[in-house]
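The values are calculated or read from the model by the stated rules, or taken from the named source; none is laboratory data. Computed from a prediction, not measured in an experiment: that's the story for all the values here. Don't worry about glycine lacking a Cβ; one is built from the backbone with ideal geometry, like all the others, and counts go over all protein chains shown. Quick note on the areas: whole protein, heavy atoms, side chains included, nothing else; ligands and nucleic acids left out. Shrake-Rupley method; radii C 1.70, N 1.55, O 1.52, S 1.80 Å.
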Amino acid sequence: MAQQAAAPDPIAPRHLCLAIAAALAAGWPGPAAAQGAEGARPAPGMPTVEVIGATPLPGLDLPRDQVPANVQTLDSRAATGPDSVNLPDALNRRLGSVFVNEIQGNPFQPDLNFRGFTASPLLGTPQGLSVYVDGVRINQPFGDVVSWDLIPRSAIVSVTLMPGSNPLFGLNTLGGALAIRTKDGVHEPGTAVQVLAGRYGRSELEFEHGGHDARGWHWYVTGSGFRESGWRDASPTRLGQLFAKAGWMDSRTDVALSAALAPSRLTGNGLQEQRLLARDYASVYTVPDQTRNRSLLFNLAASHAVGDKLRLSGNVYYRRLRTATLNGDLNDDTLDQSLYQPGAAERAALAAAGYTGFPLGGENAANTPFPSWRCIANVLLGDEPAEKCNGMLNRSDSRQQNQGVSVQASWDGQLQGRRNLFSAGAAFDASRVDFRQSAQFGYLNPDRGITPVDFFADGSAIEDDGTPVDARVDLRGRTRTASVFATDTLDLSETLHVTLSGRYNRTSVHNRDRITPGGGPGSLDGDHHFRRFNPAIGASWTPLRSLTVYGGYNQGSRTPTAVELGCADPDNPCKLPNAMAGDPPLRQVVTKTWEAGVRGNAGQVRWNAGLFRADNVDDILFVADDSAGFGYFRNVGKTRRQGLELGAEGRAGALDWSAHYTWLDATFRSAELLNGEANSSADEDGNIAVRPGDRIPLAPRHVFKSRAEWRITPAWSVEAGVLAVSGSNARGNENGLHQPDGSYFVGSGRSGGYAVFDLGSTWEPRPGLRLFVQVNNLFDRRYATAAQLNATGFTPDGNFIARPFAAQGDNASVVHSTFYAPGAPRTLWAGVRYAFGH
């Protein structure tokens with residue numbers, strides 16, 4: 001059947017077990033010397049102590065064994081290596097409990113998930129991870145989204161993934177925090193150039209140069225340019241990044257000013273309906289879907305040691321970001337309309353306006369379905385074009401500015417004869433957002449592109465019930481957040497360490513509507529204030545040098561953003577990212593996380609095992625209002641993400657290896673009534689009842705990954721990896737009860753599990769020269785990383801659905817289907833890197 005062919009094959013439990021067994025058989029070496037799979041090799045006989053930055057600002061570093069959480073790290077080689085295209089890709093391959101959803105369909109716009117919490121570039125996605133670069137929080141003021149294309153990947157020297165609701169990392173740290181550090185000329189001297197080329201028109205040029213002198217001055221600069229045609233139709237990507245840092249350093253003081261510039265033009269054509277996907281795996285639903293970003297960031301950071309015990313640090317930053325989007329979409333109001341061609345009066349209007357080529361008689365739904373002459377004629381006559389034009393071009397433009405300052409004092413001393421690490425600080429962040437959007441009617445072309453007509457959704461179009469069709473938004477939002485924080489780690493004994501932390505946040509959000517000012521129905525005006533203190537407590541115990549037991553409890557919170565407060569009225573739903581309406585008050589999200597586990601080493605193997613539970617109260621979700629994609633933000637009672645994490649890594653001779661497994665149970669914990677018109681189990685009002693225990697969509701129960709690198713000779717190495725992910729419910733199937741009938745509801749309402757393999761090799765014929773080749777999705781598997789239920793406007797052969805006149809206005813005739821985010825097919829690239837002066 002068509003829907004069975006389109007849906008990615010589910011991975012049965014036995015297949016998941018086989019994938020795990022195969023990877024372990026290839027990568028499990030037996031006893032070997034302890035060393036992180038992503039770290040540098042320690043010198044023989046030299047014990048290493050890994051330290052973790054416990055706060056966004058530098059100055060407080062804890063030994064890993066004293067951190068009461070399963071912290072994971074990547075070094076520069078792992079985070080920026082040729083086996084991955086971007087940072088989320090590297091995290092997905094190498095870190096436990098991480099997986100991605102490629103909903104947007106562009107390699108630089110994935111949703112990064114950790115333990116079921118998300119950092120996404122898409123408005124409307126519940127954001128639950130905070131991301132920092134050199135102490136600057138880069139979650140954007142408008143929606144807390146993260147644009148991965150704006151992070152200077154080639155400048156990364158280390159990445160730390162701090163799990164849980166650690167309050168020290170501030171707002172939006174519900175499930176974890178990602179702290180990124182960049183290079184400098186002291187530790188990364190020399191010059192390097194890298195070039196690569198590959199399938200689907202992929203090419204990239206990258207350079208870096210760093211240095212320092214005897215007076216303490218240091219400098220570093222790196223840049224890259226990336227472009228590809230994309231493996232899907234009409235999906236090009238263009239990206240440039242430039243990062244520079246200059247400063248002065250001595251034994252006590254380090255001052256550096258960095259700047260990052262990043263323009264990008266990304267095309268992400270999103271989900272595809274399952275029957276069209278089976279017909280053409282590279283096809284797209286509608287075009288275009290373009291995002292243009294331009295970002296500029298300045299960050300002045302400094303630290304100074306006052307004596308041997310006290311260190312002061314801080315930073316001041318300024319960031320400016322402009323984002324413009326252009327989306328060609330179906331006008332879902334036409335899905336229940338007749339597609340008959342223009343009648344006599346409409347043909348006369350077309351002829352008078354100079355149009356030719358339209359049908360002259362005998363019109364029916366089968367002849368000349370493109371272009372939509374009836375759309376043009378209705379615009380000319382002013383006769384309900386909002387219901388006859390089957391396409392829309394949605395445009396948005398956002399301009400964001402944010403700046404802030406942070407200060408921190410860290411003291412490494414003693415308290416009653418015991419070592420005590422104490423740090424306290426304060427931060428202030430301010431932002432301003434200007435957001436505008438518009439929607440223009442048009443008609444669909446055979447290539448699924450949209451040709452616009454001279455008619456806009458600006459209130460001049462009227463719905464059947466007499467309400468105006470107005471998608472315009474002109475919003476100015478201001479946000480201010482002031483914070484104070486402190487943390488203390490006390491050694492109760494040589495083996496027992498206790499950590500207490502806390503942070504107080506006060507946030508104000510002010511929205512001003514420049515179309516409908518003054519408040520009241522339909523106005524975006526609003527003033528909102530949020531405040532909260534979040535505590536944390538944890539302990540680590542090391543009864544043996546090779547064993548650590550840890551446990552902790554912490555709380556984090558997230559305040560509603562301007563976009564959520566501007567789209568929170570169920571009586572005025574919006575369509576993201578292009579509209580907002582009304583702003584009833586939302587409550588801030590509070591997450592309470594428990595975590596416990598053990599970690600240790602056995603010979604040359606490091607391992608960890610842990611349990612976690614994170615309960616969200618007043619979680620903010622974007623709730624669909626109808627199958628046309630409209631909806632609103634609202635608080636839901638409770639959600640929970642809990643699970644088990646297992647990991648191991650080590651070395652046996654010339655073989656490095658790692659393996660991670662996560663069991664994730666992500667569920668609703670309160671009864672909710674959500675709109676699910678595309679769900680077959682919906683009631684007559686289009687609602688579905690979600691029960692406590694129903695699984696959260698797009699959260700797989702099992703995630704397994706393993707890698708093995710074999711250094712065949714000192715100059716030649718081969719690395720292989722596998723990523724296996726189980727299936728999950730589609731968005732719109734929150735109750736898990738969707739059942740296709742093959743007529744009006746097609747597709748399973750789930751994304752199937754998958755296992756994909758990759759293979760790469762590097763060769764260094766002489767020092768400084770490296771050649772590499774990488775193959776992703778080695779066996780060219782077709783799979784999907786996400787799914788959603790929605791109405792479809794196309795027949796299985798790709799034509800716009802044509803309905804007989806008798807069915808006009810009959811919503812029961814609308815076909816609802818499962819849409820998938822297809823994973824990339826086999827992709828190959830190769831390149832060369834030359835470094836000198838190191």
Give VAL159, VAL193 a once-over and let me know the one that is open to solvent by less than 10 Å² (accessible area, probe 1.4 Å), more than 20 Å from VAL484 (Cβ to Cβ) and part of a strand (DSSP E or B).
-> VAL159
Only one residue in VAL498, VAL433, VAL469 is more than 28 Å from the chain's Cα centre (by Cα) and touching a residue at least 60 places away in the same chain (Cβ under 8 Å). Which one?
-> VAL469
If you go through the range 509-525, how many residues are in contact (Cβ under 8 Å) with a residue 24 or more places away in the chain, open to solvent by 80 Å² or more (accessible area, probe 1.4 Å) and more than 31 Å from the chain's Cα centre (by Cα)?
-> 1
Filter the range 526-566 for residues that are aliphatic (A, V, I, L, M) and open to solvent by 30 Å² or more (accessible area, probe 1.4 Å); which is nearest to ALA430 (Cα to Cα)?
-> ILE537
Find all pairs meeting these conditions: Cβ atoms under 7 angstrom apart; at least six residues apart or on different chains; first residue within the range 340-356 and under 10 Å from LEU380 (Cα atoms) and open to solvent by less than 60 Å² (accessible area, probe 1.4 Å); second residue of a type in the set (D, E, K, R) and modelled with pLDDT under 85.
-> GLU346/ARG374
Which listed residue, of GLY128, GLY170, is buried (at least 24 other Cβ atoms within 10 Å of the Cβ), modelled with pLDDT under 95 and farther than 30 Å from ASP289 by Cα | GLY170
Only one of these conditions is not met by GLN416: (1) polar (S, T, N, Q); (2) open to solvent by 10 Å² or more (accessible area, probe 1.4 Å); (3) at pLDDT 85 or above. Which number is it?
-> (3)
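Each row is one residue, and each column tells you yes or no for (1) charged (D, E, K, R); (2) under 21 Å from GLY643 (Cα atoms); (3) open to solvent by 40 Å² or more (accessible area, probe 1.4 Å); (4) without any contact (Cβ under 8 Å) to a residue 24 or more places away in the chain.
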position	(1), (2), (3), (4)
GLU677	yes, no, yes, no
ARG695	yes, yes, yes, no
SER706	no, yes, no, no
SER728	no, yes, no, no
ARG731	yes, no, yes, no
GLU734	yes, yes, no, no
VAL746	no, no, no, no
Filter the range 493-508 for residues that are surrounded by fewer than 18 Cβ atoms within 10 Å (Cβ to Cβ) and touching a strand residue (DSSP E or B) at 6+ places or on another chain (Cβ under 6 Å); which is farthest from SER165 (Cα to Cα)?
-> THR495
Mind listing whichever residues of the range 110-141 are farther than 30 Å from GLU649 by Cβ and touching a Gly at 6+ places or on another chain (Cβ under 6 Å)?
-> LEU123
So ASN70, is it assigned to a loop (DSSP other than H, G, I, E, B) and free of Cβ contacts under 8 Å to residues at least 40 places away in the same chain | no
Taking ALA278 as the residue in question, decide whether it is open to solvent by 30 Å² or more (accessible area, probe 1.4 Å), hydrophobic (A, V, I, L, M, F, W, C) and touching a helix residue (DSSP H, G or I) at 6+ places or on another chain (Cβ under 6 Å).
-> yes
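The rows are residues; the columns are (1) on the phi > 0 side of the Ramachandran plot; (2) β-branched (Val, Ile, Thr); (3) outside any strand (DSSP E or B); (4) open to solvent by 10 Å² or more (accessible area, probe 1.4 Å).
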residue	(1), (2), (3), (4)
GLY210	no, no, no, no
GLY230	yes, no, yes, yes
LEU242	no, no, no, yes
LEU257	no, no, no, yes
Before we move on, is LEU576 closer than 30 Å to PHE441 by Cβ, under 25 Å from the mean Cα position of the chain (by Cα) and either modelled with pLDDT of 90 or more or open to solvent by less than 20 Å² (accessible area, probe 1.4 Å) (or both)?
-> no
Any idea which residue in the range 778-805 is surrounded by the most Cβ atoms within 10 Å (Cβ to Cβ), counting only those that are of a type in the set (Ser, Thr, Tyr) and modelled with pLDDT of 95 or more?
-> THR785
Can you name the residue in the range 752-769 that is touching a residue at least 24 places away in the same chain (Cβ under 8 Å) and either in contact with a Ser or Thr (Cβ under 6 Å, 6 or more places away or on another chain) or assigned to a loop (DSSP other than H, G, I, E, B) (or both) and is also nearest to VAL722 (Cα to Cα) among such residues?
-> GLY753
Going by the structure shown, is LEU123 open to solvent by less than 30 Å² (accessible area, probe 1.4 Å) and either at pLDDT below 90 or more than 30 Å from LEU500 (Cβ to Cβ) (or both)?
-> no
Look at the range 652-675 and say how many of its residues are open to solvent by 30 Å² or more (accessible area, probe 1.4 Å) and in a loop (DSSP other than H, G, I, E, B).
-> 4
The number of residues in the range 301-319 that are surrounded by 16 or more Cβ atoms within 10 Å (Cβ to Cβ) and under 28 Å from LEU242 (Cα atoms) is 9
Identify, by number, the condition in (1) within 19 Å of PRO700 (Cα to Cα); (2) outside any strand (DSSP E or B); (3) of a type in the set (Phe, Trp, Tyr) that PHE99 doesn't meet.
-> (2)
If you scan the range 82-117, which residues turn out to be buried (at least 23 other Cβ atoms within 10 Å of the Cβ) and hydroxyl-bearing (Ser, Thr, Tyr)?
-> SER97
Tell me, please, whether a residue that is of a type in the set (Asp, Glu), more than 28 Å from ARG93 (Cα to Cα) and open to solvent by 20 Å² or more (accessible area, probe 1.4 Å) can be found in the range 763-777.
-> no
Search result, residues across the range 139-156 that are in contact with a Lys or Arg (Cβ under 8 Å, 6 or more places away or on another chain) and either under 13 Å from ALA260 (Cβ atoms) or surrounded by fewer than 24 Cβ atoms within 10 Å (Cβ to Cβ) (or both) = ALA155, ILE156
Starting from the range 387-416, keep only residues that are farther than 22 Å from ALA562 by Cβ and touching a residue at least 12 places away in the same chain (Cβ under 8 Å), then list their pairs with residues that are of a type in the set (D, E, K, R) and open to solvent by less than 60 Å² (accessible area, probe 1.4 Å) whose Cβ atoms are within a distance under 6 Å, requiring at least 6 positions of separation or different chains.
-> LYS388/ARG374; MET392/ASP329
Picked from the range 181-190 (must be open to solvent by 20 Å² or more (accessible area, probe 1.4 Å) and outside any strand (DSSP E or B)), the residue nearest to TYR132 (Cα to Cα) is ASP184
Is there a residue being among the acidic types (Asp, Glu) and touching a Gly at 6+ places or on another chain (Cβ under 6 Å) anywhere in the range 274-285?
-> no
